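Structure first, commentary second.
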Amino acid sequence: MNAVMQVNQAACVILASNKVADKLGIPKEKRVYLRSCADAVEPGYFFSVRPNLGTSHAMVECIDTALKRANVTAKDVNVFDLYSCFPIAVEVACDFLGIDPRKDPRPITVTGGLPYYGGPGNSYVLCSIAAMVEQLRKRPVNELGLVTANGWFLTKHSCGVYSRTPPPQGKWEREDPKLTQARADKRAGQLVSVSDSPEGEGVVEAYIVDFSVKKQKPKVIAVGKLVSGRDSGKRFIASTKDEDDSFGTWMERDGVGMRVKVSSAKGGRGVLEVADASMWNKQPKSGLSAPAKPASSAKL
């Protein structure tokens, strides 16, 4: 589930006042109004310095602000388009909105999402807004749509609420983005320092098993916190050694929370190994199965 940018697509959004729309003869049933919006940037441009790797404080603040400025709740929204460059982008939005995609009948995309619809460069959301307009035109006049957007590593965020019904007071004012940003910064808390030459024991916060290099054993790349050594309290980024064949265990068990030994190779690259292999028995099963033999990403 990743963005696909090699597409030939375009979209256009025309903005006009009601007065101009009347003059142009635009039917009222075709008019869709922006009810509110919000924008913010994740504190800590790169994920490595963020206190919590499992959420996006800026995304949450954008959605929360947009809903409040429209004077509605997530339960009032009838259709969504949640930006879907990576699975976590959808998961974070769903968690905050209280949506279980497997049970909630409301659509969470009006395009099919980035993996299936594509996204022309930096312009997917222009397409999703246009698609949301088309969707709302088919629905009852009082229904609401919500569109999210993000860029980079869940770094830059926007959210808009749309409806065929104009704002109750006839207009709305966008909140000063500085105020939205200040609340996002407060949600995030203090940023984390990253060790440039990690040494000592650490606890894994997140990891992947990388199959991208052909004819080589898959590597585990982990991010975590050092709990001993000169940089105790700092974050580390490290990977398993070339000869390490423990990737299957990292797939079959949930390695988050595992204690690992971290050292620095030449050039400062972090290297990790499990401090006590018997501790794997205490880790929950992930539900995944390791492949019978290393395979390239092209074969998976």
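Some notes on this structure:
- Rounded to the nearest Hz, the phi-derived 3J(HN,Hα) couplings of region 83-98 under the Karplus curve 6.51 cos²θ - 1.76 cosθ + 1.60 (θ = phi - 60°) are 4, 10, 5, 9, x, 5, 4, 6, 5, 5, 5, 5, 4, 5, 6, x, where x marks glycine and proline.
- Per-residue ³J(HN,Hα) for region 243-249, Karplus 6.51 cos²θ - 1.76 cosθ + 1.60, θ = phi - 60°, Hz, x for Gly and Pro: 8, 5, 10, 8, 4, x, 5
- Rel. contact order, % - alpha carbon contacts under 8 angstrom, at least six apart, region 1-66: 29
- Neighbourhood net charge (14 Å Cβ-Cβ; Lys/Arg +1, Asp/Glu -1) for residue 70: +2
- 0 to 90° range, to nearest 10: angle between helix 124-137 axis and the chain longest Cα axis: 40
- Pairs beyond 24 Å (Cα-Cα), from 68/156; 156/285; 214/241; 28/138; 186/282: 156/285; 186/282
- 19 Å Cα-Cα reach of residue 75 towards lysines, excluding residues that sit fewer than 8 places from it in its own chain: 103
- The alpha carbon centroids of region 227-244 and region 65-113 are separated by 36 Å.
- Lacking any other cysteine beta-carbon closer than 4.7 Å, the following Cys residues of the chain have no compatible partner: 12, 37, 85, 94, 127.
- Against the compact-protein benchmark of 2.2 N^0.38 Å, the Cα-based radius of gyration of region 18-188 scales to 1.03.
- Per the Debye formula on identical point scatterers at the alpha carbon atoms of the chain, with no solvent, log10 I(q)/I(0) at q = 0.07, 0.10 Å⁻¹ is -0.36, -0.68.
- Relative contact order, whole percent, for the chain stands at 20, derived from Cα pairs under 8 Å and 6 or more residues apart.
- In order through region 139-146: 3J(HN,Hα) via Karplus (6.51 cos²θ - 1.76 cosθ + 1.60), integer Hz, x for Gly, Pro: 9, x, 4, 8, 7, 10, x, 10
- Proximity of backbone amide H atoms, modeled 1.01 Å from N, is registered between residue 253 and 286 at under 5 Å, excluding neighbours fewer than 5 places apart on the same chain.
- Per-peptide average of other Cβ atoms within 10 Å, ordering 25-37, 159-171 highest first: 159-171, 25-37
- Cβ crowding within 10 Å averaged over residues, with 65-73, 265-273, 176-184 ranked highest first: 65-73, 176-184, 265-273
- Summed residue charge, Cβ within 12 Å of residue 97's Cβ, Lys/Arg positive, Asp/Glu negative: -4
- Taking amide H atoms as placed 1.01 Å from N in the peptide plane, the amide H of residue 258 lies under 5 Å from those of 204, each 5 or more residues away in sequence or on another chain.
- 5 angstrom amide H check on residue 220, placed H, neighbours 5+ away: 210, 240
- Shape call, region 141-300: gyration tensor on alpha carbons, a/c limit 1.5: prolate
- Cα centroid separation, region 182-204 to region 116-174: 33 Å.
- Degrees separating the helix 57-69 axis from the principal Cα axis of the chain, which is the longest one: 20
Bear in mind that the values in this text are calculations on the coordinates, not laboratory data. All figures in this text were calculated on a predicted structure; none of them were measured in a lab. Virtual Cβ from ideal backbone geometry, glycine too; neighbours counted across all protein chains shown.
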